[in-house]
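Shown next, in structure tokens, is the structure this report addresses.
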Amino acid sequence: MTTEERVDRLVRDADPGGLGVMGDLGGVRQALLEDILSESLVRRAVGPPWRRLWVRRLAGVVTAAAVLVSVVPVSMVVRGQAEGEGVSPIVSAGAGAGAVFSPLAMEAAERSPRLLIDRAGWTVVALSEFSENYGMVRFRRGGRELEMNWYPAYVYADRFAGQRDAGPGRSVRVDGWPADAFQSLSGDFTVLVRPRDDLVVEMKTSENWSRKDLDRVLADVVRVDARTWLAVLPAEMVVPVRERAATVLADVPLPPGFDVAALEEIGVSDSYYFGAAVTSRVGCGWIAEWQRARASGDEAGVGRAVEALRSSHGWRVLRDMDRAGDWPEVFWEYADEVVAGTLRPSYVQGLDCR
């Protein structure tokens, strides 16, 4: 499948059923193609293409129904908590104020923006890797969505220039912090928050927002502490990594030397992202073993690697994910090449092999 064909598939998957939540799909297609082919600062900042395209931009449209175990009402009542009025509804519905979070989860939360919508009815429906310098969280209320992406602060100038090229913006504030709001020809809004704590936050809406809607929601965006942020997330997102990994890897053969403990670096994320990150490491491990065995004439080792990758078509995690996005198709494409005895160098980037 060519890059152009894969982009067309991604665009189709981004709006299953013609819901229109992605706005101008022609523009999305061009943006995806430019992301794949470019080597810009943003590309280097936010990681490999599958991480951005299959998870951050597209997964939220479908994972809310097909992947996430639960959604959480974002009615935080942060002010009420501060005044001692009891545990907020969102904390009660999520992992909970009494939940115990791993040190790595707490550390990642401390280093991220931790912005939430303090208004009843909003839900957290997707979360990609929650790390120190990039990530995504998507909120939904009725037919409207607001997606927050964050990047290292040094990409701010490029992001701002890109928005200004499409038209002038207007000054707004997010949790008291200066920001700029831009509206595209298709009607959706982008809000670029000025750098804060070495991060820049970029918010994007679905197309069915008015300027009044945007201003009302921006007035309800608040920054919270790390524990409150984690307590808000669906419990399945903050389950200890080893426990989550045990479920994902239940029927997955592991390559020699596979380090389950190293999966801790994946951090807090939704089910789709977590499954992609774990199977990425497994696939890369088997490919490395296949290459080693071929180079050393170890036919038995070659056979084990081939059989392991062939079996990936039956792995429960990939079959479940296949209903929600394109990551399994990408994985199987490279796995099938190994089974056939060939492998393109692009697997390194395609599978995020480090």
Taking Rh as the Kirkwood radius computed over alpha-carbon pairs of the range 140-209 and applying Stokes-Einstein at 25 °C with viscosity 0.890 mPa s, one gets a diffusion coefficient in µm² s⁻¹ of 198
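Dividing the convex hull volume of the alpha carbon atoms of the range 253-295 by its residue count, what do you get in Å³ per residue?
65
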If each residue of separation counts as 0.36 nm, what is the full-extension length gain between A120 and R344 once their alpha-carbon separation is subtracted? 75.7 nm
Each label sits 7 Å from Cα toward the beta-carbon; between D322 and A166 the label points are separated, in nm, by 3.5
Neighbour net charge for R216 - beta-carbon separation under 14 angstrom, K R +1, D E -1: +2
Using the Cα atoms of the range 118-247, I'd like the radius of gyration and the largest Cα-Cα distance, Dmax, both in angstrom. 15.5, 50
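So, counting K/R as plus one and D/E as minus one, what does the shell of residues with Cβ under 9 Å around L263 add up to? Mind showing how you got there, number by number?
Working: positive: R242, R244, R281; negative: D259, E264, E265.
Summing Lys and Arg as +1 and Asp and Glu as -1 gives 0.
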Burial-style ranking of 169-176, 304-311, 283-290, average other-beta-carbon count within 10 Å with highest first, yields 283-290, 304-311, 169-176
D (Stokes-Einstein, µm²/s), Kirkwood Cα radius, the range 207-354, 0.890 mPa s at 25 °C: 141
Over the range 257-354, what is the relative contact order in percent, taking alpha-carbon pairs closer than 8 angstrom and at least six residues apart? 27
Rounded accessible area per residue of the range 175-274, 1.4 Å, Å²: 41
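Note the full-extension length gain between A153 and K212 as 0.36 nm times their separation in residues minus their Cα-Cα distance, in nm to one decimal. Show your work: numbers first, answer last.
Working: separation 59, 0.36 × 59 = 21.24 nm, distance 2.84 nm.
Length gained between A153 and K212: 18.4 nm.
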Could the peptides 258-264, 189-195 be put in order, highest first, of the mean number of other beta-carbon atoms found within 10 Å of their residues? 189-195, 258-264
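The values are calculated or read from the model by the stated rules, or taken from the named source; none is laboratory data. What you see is a predicted model, and the numbers here were worked out from it, not measured in a lab. Here Cβ is always computed from backbone atoms with ideal geometry, including for glycine, and neighbour counts include all displayed protein chains. Ligands, DNA and RNA are stripped out before the accessible areas are found, and what is left, the full protein with its side chains, is counted by its heavy atoms. Shrake-Rupley method; radii C 1.70, N 1.55, O 1.52, S 1.80 Å.
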